[in-house]
Amino acid sequence: ASVSSSVKRMSSAENSAHLTPLRLTEQERSILRVLEGALSVSEYTDKVDVITWRSSRATRVLEQLHEILAVISGLTVAASYKQGATLVNKPNLVENAVFFRNVFEVGRRYKMMNPDKMRASYGKLMYILQDAVMPDISSSLGFHCVRKVCTVRDELEDLQCLEVLDDAECALAVSPIREGESVDRKNAAAACLLKRYAGDNPERRVRLERVLFSIGDDIVLTQAHVAPVNQMLCLLQDHFDAAHAEKAHSLAIFAGRNGARLSHSHSTQYAYVHQTLLLWWTILSELPRLWALAEADLLHGYDYRLRDTGQGLHRVQSSPSVSRFMNGVLARLQAQVGGWVGSSAVHLGDNDVPNALHWTDKYAQIPRILLPILNVLQQLDSLASEAPGVQRYIQECFGTVDNCRKAILADFFKHGFDGSGADNYYDAGSCIDGRLTSAWNWCSKIAKKPYYNLFNMCGFVGFDGSFAK
């Protein structure tokens, strides 16, 4: 079974090699620290994304772009005098265009490989580049700030050994090590590949090893996003019957009751939740493509409008690449499941999802919603057995541990998917975006749930995670 799954993962890796980002080198990590420092002190969006008639938008953008490029140059001098001296000796920005492009590319690539990092600065970076690629801005600046992200395929083409991806040893060399498995076979496969394609050339061996690590990183990252959705699907199927409802744990919801905006019978709600989880699973299983599509829409010069969406000023921009991807996913999924429950409307470039950056952020946060719930469900048995007081508490409130588990799941499957959470009635419902909005709305009300104390006993601290670098 493990060999079969490795082959499937490798087949996916071959198909997405042109999207799989390359792991950062030590020198690139030094550049990343410079970029993060510059972004942390920049007030770019505060100065640019405002409604004012005192100066033109292009003037403000160019002023802030020159400022952040100057900060990057200064921090580079502080981090590496040798590299900084090269920049200083070329006072013209155009002469340092390659360096600035590389700095921004490193930040974008790092975020693709670490979605939980740069949460407070990545949006600022993308908005800086979104403005920089506008024809009038790039013309005034004198150079383009955006270059293609370095990928596994690019590195293998440069090494002239694309055949590595087709090698039988590659699947084992990049496969994750599961608990209890020996790392020896994996290391032996990697050593075999390095000997076969790099020989005794030390530089070539280092570069090829970096490629293997990058493929492995991508597989693990995708699995980490998909696994919580898969576990939740299994819990839905294991604890609830699609056609018949237990009296105490029915999934039926009624509009206007307990905040619900939809009315579904138990069987309809079961299908609705099941299809939504399948949709999330399908999208997250193509994680590298998710980032590539978002960047394609954000950084290809499409104009945007600064508009008050009801949640502050946002850049509203069309997202044709993301839209085609979502429509394709929906078409395949609808054909797979048969009858589709709810709306299939995809909000993009409007008040609900202003641009592709918001779309990426919403789906990348799905594990952040599901993992705390799964953590509590997994700890219930041990918590009850190790603490008699907790066991009595569960018996008094829920009867048994299994009933407690079902109560938590039933509440999430009902009110995490009930169409609630929007600012007004018209934006709420069963649309594709609304399904995630409902889940976040359920998260915001967790402190009012009868099982909230159990969440705290299991170490729950919140759904948002950390905003540290």
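If you go through the stretch 396-406 one residue at a time, do you hit one that is in a loop (DSSP other than H, G, I, E, B) and of a type in the set (Ser, Thr, Tyr)? Don't jump to the end; show me each part of the working.
Taking the stretch 396-406 and keeping what is in a loop (DSSP other than H, G, I, E, B), we get 399-400.
Add one more test, that the residue is of a type in the set (Ser, Thr, Tyr), and what stays is 400.
Scanning the stretch 396-406 turns up at least one residue that is in a loop (DSSP other than H, G, I, E, B) and of a type in the set (Ser, Thr, Tyr).
So, Ser250, is that one among the hydroxyl-bearing types (Ser, Thr, Tyr), at negative phi and touching a residue at least 24 places away in the same chain (Cβ under 8 Å) or not?
On the way: among the hydroxyl-bearing types (Ser, Thr, Tyr): yes; at negative phi: yes; touching a residue at least 24 places away in the same chain (Cβ under 8 Å): yes.
Yes: the conditions hold for Ser250.
Please verify whether the stretch 22-44 includes one or more residues that are under 20 Å from the mean Cα position of the chain (by Cα), part of a helix (DSSP H, G or I) and under 30 Å from Leu208 (Cα atoms). Within the stretch 22-44 (the criterion being under 20 Å from the mean Cα position of the chain (by Cα), part of a helix (DSSP H, G or I) and under 30 Å from Leu208 (Cα atoms)), the answer is yes, since at least one residue qualifies. Filtered by the rule that a residue be open to solvent by 30 Å² or more (accessible area, probe 1.4 Å) and touching a residue at least 40 places away in the same chain (Cβ under 8 Å), the stretch 388-397 gives Tyr393, Cys397. From the list Glu163, Glu169, the lone residue that is open to solvent by 80 Å² or more (accessible area, probe 1.4 Å), of a type in the set (Asp, Glu) and either touching an Asp or Glu at 6+ places or on another chain (Cβ under 6 Å) or on the phi < 0 side of the Ramachandran plot (or both) is Glu163. Does Arg178 satisfy the criteria of being of a type in the set (D, E, K, R), surrounded by 14 or more Cβ atoms within 10 Å (Cβ to Cβ) and within 29 Å of the chain's Cα centre (by Cα)? For Arg178, the condition - of a type in the set (D, E, K, R), surrounded by 14 or more Cβ atoms within 10 Å (Cβ to Cβ) and within 29 Å of the chain's Cα centre (by Cα) - is not met.
Cβ-Cβ distances below 9 Å connect the following pairs, each with a first residue in the stretch 67-80 that is in a helix (DSSP H, G or I), a second residue that is open to solvent by 50 Å² or more (accessible area, probe 1.4 Å) and not β-branched (Val, Ile, Thr), and a separation of six or more residues or different chains: Glu67/Glu43; Glu67/Lys47; Leu75/Arg33; Thr76/Gln83; Val77/Gln83; Ala79/Arg33. Among the residues of the stretch 444-467, is any without any contact (Cβ under 8 Å) to a residue 40 or more places away in the chain and crowded, with 21+ Cβ neighbours inside 10 Å? There is no residue in the stretch 444-467 that is without any contact (Cβ under 8 Å) to a residue 40 or more places away in the chain and crowded, with 21+ Cβ neighbours inside 10 Å. Beta carbons closer than 9 Å, at least 6 apart along the sequence or on distinct chains, pair a first residue in the stretch 339-350 that is under 19 Å from Val273 (Cα atoms) and aliphatic (A, V, I, L, M) with a second that is open to solvent by less than 50 Å² (accessible area, probe 1.4 Å) and part of a loop (DSSP other than H, G, I, E, B) for Val341/Ser430; Ala345/Gly429; Ala345/Ser430; Ala345/Cys431; Val346/Val353; Val346/Cys431. Criterion applied to Arg109, Arg101, Arg60 was being touching a strand residue (DSSP E or B) at 6+ places or on another chain (Cβ under 7 Å), part of a helix (DSSP H, G or I) and either open to solvent by less than 80 Å² (accessible area, probe 1.4 Å) or of a type in the set (Asp, Glu) (or both), and the one residue passing it is Arg109.
Any idea which of Pro115, Pro91 is outside any helix (DSSP H, G or I) and touching a residue at least 12 places away in the same chain (Cβ under 8 Å)? It is Pro115. Evaluated against (1) surrounded by 18 or more Cβ atoms within 10 Å (Cβ to Cβ); (2) within 20 Å of Met232 (Cβ to Cβ), Asn375 falls short on exactly one condition, (1). The residues on offer are Ala296, Ala292, and the sole one that is farther than 22 Å from Asp352 by Cβ and not acidic (Asp, Glu) is Ala292. Taken across the stretch 120-143, residues that are farther than 14 Å from Val61 by Cβ and at pLDDT below 90 do occur, with at least one present.
Pairs are defined by a Cβ separation below 6 Å, a sequence spacing of at least 6 or placement on different chains, a first member in the stretch 195-214 that is among the polar types (S, T, N, Q), and a second member that is part of a helix (DSSP H, G or I); the pairs so defined are Ser214/Val152. Here Leu156 meets each of (1) over 30 Å from Leu374 (Cβ atoms); (2) surrounded by fewer than 16 Cβ atoms within 10 Å (Cβ to Cβ) with one exception, condition (2).
Inspection of the stretch 123-140 finds a residue satisfying the criterion of being of a type in the set (Ser, Thr, Tyr), assigned to a helix (DSSP H, G or I), surrounded by fewer than 18 Cβ atoms within 10 Å (Cβ to Cβ) and without any contact (Cβ under 8 Å) to a residue 12 or more places away in the chain.
Candidates Leu75, Leu65: the one that is within 30 Å of the chain's Cα centre (by Cα) and closer than 30 Å to Leu290 by Cα is Leu65.
The values are calculated or read from the model by the stated rules, or taken from the named source; none is laboratory data. Just so it is clear, the structure is predicted and the values come from calculations on it, not from any experiment. All Cβ positions, even for glycine, are placed from backbone atoms using ideal geometry, and neighbour counts span all protein chains on display. Heavy atoms of the whole protein, side chains included, go into the accessibility calculation; ligands, DNA and RNA do not. Shrake-Rupley method; radii C 1.70, N 1.55, O 1.52, S 1.80 Å.
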